Amino acid sequence: MNLQSNDFELFGVTEQFVQDTAQLAERWKLLQKEAHPDRFAAQGAAAQRVAMQWSVRINEAYQRLKDPLKRAAYLCELHGAPIRAEDNTAMPAAFLMQQMEWREALEDAQSAAAVDALEDEVQASRRSMLARCEQLIDAERNYAEAAQQVRALMFVARFSADIDRRREQLGQ
């Protein structure tokens with residue numbers, strides 16, 4: 001293992017958006033087994049500390065690779081298209097209008113059925129946006145546009161959390 005490896009190299013998988021999550025999980029288990037600090041007990045505290053650092057590195061990489069949104073953001077970053085979500089919130093007008101409509105629908109939702117219907121719509125949009133990320137990253141290698149798609153997906157993820165909170169408010 002090499003500390004300079006990116007997450008894909010560390011896991012021995014192709015640097016692309018589409019990933020086999022079962023393969024990632026299996027590879028994670030193998031890497032964790034290799035780096036487990038207990039395997040280095042006989043080599044002393046320094047070797048165990050290094051193994052612990054590797055274990056943390058492996059876990060961080062796994063968290064990025066298994067989550068489609070984090071994986072897309074990571075790929076954009078690797079290819080020179082930083083997400084910059086904290087200072088780049090510009091979105092297309094149509095997307096902003098959709099967000100406003102969803103927010104209004106969420107505020108107006110007074111039943112589980114209304115919240116569920118909105119969640120279904122949001123999740124369908126999320127799936128469509130993830131498919132667009134796949135196209136932009138794996139097929140077109142258009143990381144700048146994919147970064148914009150990732151920022152939009154971040155909005156959707158936050159809104160999904162708002163849906164969950166609304167469901168709790170309604171006692172469901």
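Bear in mind that the values in this text are calculations on the coordinates, not laboratory data. All of these numbers come straight from a predicted model, not from anything done at the bench. Positions of Cβ are backbone-derived with ideal geometry, glycine not excepted, and every protein chain shown enters the neighbour counts.
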*Can you tell me which residues in region 23-42 are farther than 11 Å from S55 by Cα and either of a type in the set (G, A, S) or in a loop (DSSP other than H, G, I, E, B) (or both)?*
A25, A41, A42
*Could you check how many residues of region 1-22 are assigned to a helix (DSSP H, G or I), free of Cβ contacts under 8 Å to residues at least 12 places away in the same chain and either crowded, with 16+ Cβ neighbours inside 10 Å or under 17 Å from the mean Cα position of the chain (by Cα) (or both)?*
1
*Within region 80-131, how many residues are among the hydroxyl-bearing types (S, T, Y) and under 29 Å from G171 (Cα atoms)?*
2
*What do you reckon, is Q32 loosely packed, with under 15 Cβ neighbours inside 10 Å and touching a helix residue (DSSP H, G or I) at 6+ places or on another chain (Cβ under 7 Å)?*
yes
*Test each condition in (1) buried (at least 18 other Cβ atoms within 10 Å of the Cβ); (2) of a type outside the set (F, W, Y); (3) out of contact with any Leu (no Cβ under 7 Å at 6 or more places or on another chain) for Q110 and report the one that comes out false.*
(1)
*Identify the single condition in (1) of a type in the set (K, R); (2) on the phi > 0 side of the Ramachandran plot; (3) surrounded by 14 or more Cβ atoms within 10 Å (Cβ to Cβ) that R151 does not satisfy, given that it satisfies every other one.*
(2)
_Long-range neighbours under 7 Å by Cβ, at least six apart or interchain, first residue without any contact (Cβ under 8 Å) to a residue 60 or more places away in the chain within region 142-157, second in a helix (DSSP H, G or I)_ = N142/L136; E145/L136; V156/V122; V156/S125; V156/R126; V156/M129
*Looking only at region 36-53, which residues are surrounded by 14 or more Cβ atoms within 10 Å (Cβ to Cβ) and of a type in the set (A, V, I, L, M)?*
A47, V50, A51, M52
*Residue check: is E168 more than 27 Å from E15 (Cα to Cα), free of Cβ contacts under 8 Å to residues at least 24 places away in the same chain, of a type in the set (D, E) and assigned to a helix (DSSP H, G or I)?*
yes
*Out of E77, E107, which single residue is closer than 23 Å to I163 by Cβ and either part of a helix (DSSP H, G or I) or in contact with a Cys (Cβ under 7 Å, 6 or more places away or on another chain) (or both)?*
E107
